[in-house]
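Peer 1: Mind looking over this structure? Questions follow.
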Amino acid sequence: MQKETLKDHEVILRLCAEGDNHAWARLVELFAPLVYRAIRQKAMVCPASIGSNDIEDIFQQTFTNIWRRKSLNKITNARSIPAYLTAIAQNTALDFLRHKTSQRMLQKKCVNDSLFLDEKNPRKESYDRQLQEAVGRLIGNLSEKEQQVIRLEIFYGLKHREIAHMMDMPVNTISTIIARIKKAFREKLEQEGYEV
Amino acid sequence: MKFDNVLDSNIENCLKQEISLRNVSCGSGQCPGDWELADYISGVSGQERKQQISAHIMSCDRCFDIAASSLKVLSETDKDNDKELLDILVKKACAISKKRSEAGGKFKKSFKRNKYLFIAGVFFILSFIAKRYFLQFLCAAGIFGIKWTMDTGSTRALIMIYDAWKTRKDDDSDRSRSIPRKDRNASRL
């Protein structure tokens, strides 16, 4: 059953490449939730730069890009179709971000998003700022590979199995690296007098 | 548990600052193709290619971000999607292909509308190529040029506007002739 569905998807994609309107409508219907989710995920990372209206624009642009691309019929494996569409959605969202906001503006906005701004309690705000700086220093001391593992685990929220797939490493190694980093971070922050 | 949450949120915020800058930077130019990356994300690429892409991803922020975000999205479910908004978006996206085919139709229509201009152009060029029949071809080009001018919608519209204006002007002059001078002055006042 699963194989049949995948085959159907492949046929739909090939028909789309030939300009078939019905196949296109079916493709949109099938994969719209996935593309929407991919764009919304990007919007959640930097909410100050991608608003709800922007999500609609990016969604539309993503499907326009898919329609325009000549690579639709270069499909190698039907199982890759969702990943292909997600990747294009992510690409479109990244292009949108690049066009919409200059790097400096984006930095400013994201920093503001991320900081624990608490105007009622300036002491807490200062403490949070210092804690974050300390964490930033600790991350900076990690090796490139460790930084990527921790980024995938905490920032992207990937499972250890998925990180292992991306890093081309065994799952146990990934789990060990993450546990070791967190333990080291906790010890160092406690030594510096932070309550974590 | 509490510790993990506080530490994780701090790490996440630090990474946000760093990644927000990296995300907007462009790829290295040696990035894998769309399908190659999709195969890698889906875990269907060959071992050798997988190692190559994995090595590339570790050095390319854009591909790293796309691969990581895609893995996350693919592992999620649809439960939080806004159905109504999605329906509207789907309808709009379905129209993309129609618009494109309509764009092709527009070109055909435009060609059909300007066929006389095209023929006039051909005759004009021919008049220079076949010098012996220069005058004949030039005349033909002129005739088709005039035909195109008369046939074009905008010219027809201009003629109609001119006709309407002329008729109105005639009506006004007739009316002014039929009203006596005294009455005309009274109506002005």
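The values are calculated or read from the model by the stated rules, or taken from the named source; none is laboratory data. None of these values were measured; they are calculated from a predicted model. Note that each Cβ is placed from the backbone with ideal geometry, even for glycine, and that neighbours are counted across all protein chains shown. SASA here: full protein model, heavy atoms, side chains in, ligands and nucleic acids out. Shrake-Rupley method; radii C 1.70, N 1.55, O 1.52, S 1.80 Å.
Peer 1: Every residue in segment A:46-71 that is in a helix (DSSP H, G or I), surrounded by fewer than 21 Cβ atoms within 10 Å (Cβ to Cβ) and not charged (D, E, K, R), please.
Peer 2: If the condition is that a residue be in a helix (DSSP H, G or I), surrounded by fewer than 21 Cβ atoms within 10 Å (Cβ to Cβ) and not charged (D, E, K, R), then A:Ser52, A:Asn53, A:Ile55, A:Gln60, A:Gln61, A:Thr64, A:Asn65, A:Trp67, A:Ser71 are the ones that fit.
Peer 1: Next question. Among (1) within 11 Å of another protein chain (Cβ to nearest Cβ); (2) modelled with pLDDT under 80; (3) surrounded by fewer than 16 Cβ atoms within 10 Å (Cβ to Cβ), where does A:Gln2 come up short?
Peer 2: Single failed check for A:Gln2: (1).
Peer 1: OK, next. Do you know which residues across segment A:16-30 are more than 16 Å from B:Ile88 (Cβ to Cβ) and of a type outside the set (Asp, Glu)?
Peer 2: A:Cys16, A:Ala17, A:Gly19, A:Asn21, A:His22, A:Ala23, A:Trp24, A:Arg26, A:Leu27, A:Leu30
Okay, residues lined up against (1) modelled with pLDDT of 85 or more; (2) surrounded by fewer than 18 Cβ atoms within 10 Å (Cβ to Cβ); (3) within 14 Å of chain A (Cβ to nearest Cβ):
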{"position": "B:Phe64", "(1), (2), (3)": "yes, no, yes"}
{"position": "B:Ala68", "(1), (2), (3)": "yes, no, yes"}
{"position": "B:Ser75", "(1), (2), (3)": "no, yes, yes"}
{"position": "B:Lys92", "(1), (2), (3)": "no, yes, yes"}
{"position": "B:Glu102", "(1), (2), (3)": "no, yes, yes"}
{"position": "B:Arg113", "(1), (2), (3)": "no, yes, no"}
{"position": "B:Phe123", "(1), (2), (3)": "yes, no, no"}
{"position": "B:Lys131", "(1), (2), (3)": "no, yes, no"}
{"position": "B:Phe137", "(1), (2), (3)": "yes, no, no"}
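Peer 1: Within segment A:138-196, which helices (runs of 4 or more DSSP H) (wholly inside it) include 2 or more residues that are small (Gly, Ala, Ser) and over 17 Å from B:Ser69 (Cβ atoms)?
Peer 2: A:171-191
Peer 1: Read through the list (1) under 24 Å from the mean Cα position of the chain (by Cα); (2) open to solvent by 30 Å² or more (accessible area, probe 1.4 Å), then give the number of the only condition that A:Ile88 fails.
Peer 2: (2)
Peer 1: Considering only residues that are at the interface with another protein chain (Cβ under 9 Å from one of its Cβ atoms) and among the hydrophobic types (A, V, I, L, M, F, W, C), which ones fall in segment A:139-162?
Peer 2: Once the filter is applied, which keeps residues that are at the interface with another protein chain (Cβ under 9 Å from one of its Cβ atoms) and among the hydrophobic types (A, V, I, L, M, F, W, C), segment A:139-162 yields A:Ile139, A:Ile150, A:Leu152, A:Ile154, A:Phe155, A:Leu158.
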